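Below is one structure, written out as structure tokens; the observations come after it.
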Amino acid sequence: MDLPLSRCHGGPRGILDLDTPRAAEARRAAGTWTAYHAFADRYPPALPFRHFAERVRNLEPEHAREAAAVAFREQPLIQAIEADPALEERFTFDPALHFDEDRETYVTRHVAAVLPTPALLTLEGRWVEAGGLDYKRMFNAYLDGLPGDTMVVRVLYHS
């Protein structure tokens, strides 16, 4: 039975195409970063939500979140994004946080997230669980460094 590449769950490392999904994500992330900055450059710079949360941290918890949200949403850039659901979906709730890095770093971070799964079982029998960007980098380096004849299997569910 021939399965499309998106359904392939493993095989010898040397014949797995790991670069195509990475390249596709690099193009998507670069396009998103560029589009965000082209849009955002028309407005005063926005501050991330955490800035406003810090300013109201002395309020009662039920009031602090709402006060931070109101202040965050008063920013012209955030208002413009929230006015268009497609932009809000594309640029996230807190774009000042997510796009506050140069294009190369943004793209690299997104590409690093394409292949990693929540856990990795190494050939040495070590179980490594996800832990942020460092885990993703290690996962990719480990996978890329395996000999071509090593069988790689992606397990979606385990108990």
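The values are calculated or read from the model by the stated rules, or taken from the named source; none is laboratory data. Keep in mind it's a predicted model, so treat the numbers as computed, not measured. Glycine gets a Cβ as well: all are built from the backbone with ideal geometry, and neighbour counts include every protein chain shown. Remember, those area values only see protein heavy atoms, side chains included, never the ligands or the DNA or RNA. Shrake-Rupley method; radii C 1.70, N 1.55, O 1.52, S 1.80 Å.
Tabulated results
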quantity: Selection from the range 117-146 of residues that are open to solvent by 70 Å² or more (accessible area, probe 1.4 Å) and either hydrophobic (A, V, I, L, M, F, W, C) or more than 15 Å from the chain's Cα centre (by Cα) (or both); calculated: L121, L123, E124, R126, W127, E129, D144
quantity: I78 among the aliphatic types (A, V, I, L, M) and open to solvent by 60 Å² or more (accessible area, probe 1.4 Å); calculated: no
quantity: First in the range 101-120 and over 21 Å from L143 (Cβ atoms), second anywhere and among the hydrophobic types (A, V, I, L, M, F, W, C) and open to solvent by 30 Å² or more (accessible area, probe 1.4 Å), Cβ under 7 Å, 6 or more apart; calculated: R103/W33; Y106/W33
quantity: Condition met for T117 (in contact with a Leu (Cβ under 9 Å, 6 or more places away or on another chain) and either under 27 Å from H51 (Cα atoms) or β-branched (V, I, T) (or both)); calculated: yes
quantity: The range 95-104 - residue that is assigned to a helix (DSSP H, G or I) and charged (D, E, K, R) and, of those, nearest to D41 (Cα to Cα); calculated: R103
quantity: Test: residue in the range 13-27 that is charged (D, E, K, R), under 30 Å from L123 (Cα atoms), open to solvent by 100 Å² or more (accessible area, probe 1.4 Å) and out of contact with any Leu (no Cβ under 8 Å at 6 or more places or on another chain); calculated: yes
quantity: Filter pass, E62 being at pLDDT 95 or above, open to solvent by 100 Å² or more (accessible area, probe 1.4 Å) and either not aromatic (F, W, Y) or not in a helix (DSSP H, G or I) (or both); calculated: no
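Quick grid of which residues meet (1) at pLDDT 95 or above; (2) touching a helix residue (DSSP H, G or I) at 6+ places or on another chain (Cβ under 9 Å); (3) not in a helix (DSSP H, G or I):
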position	(1), (2), (3)
F93	no, yes, yes
Y106	yes, yes, no
V111	yes, yes, no
L115	no, yes, yes
F139	yes, yes, no
L143	yes, yes, no
H158	no, no, yes
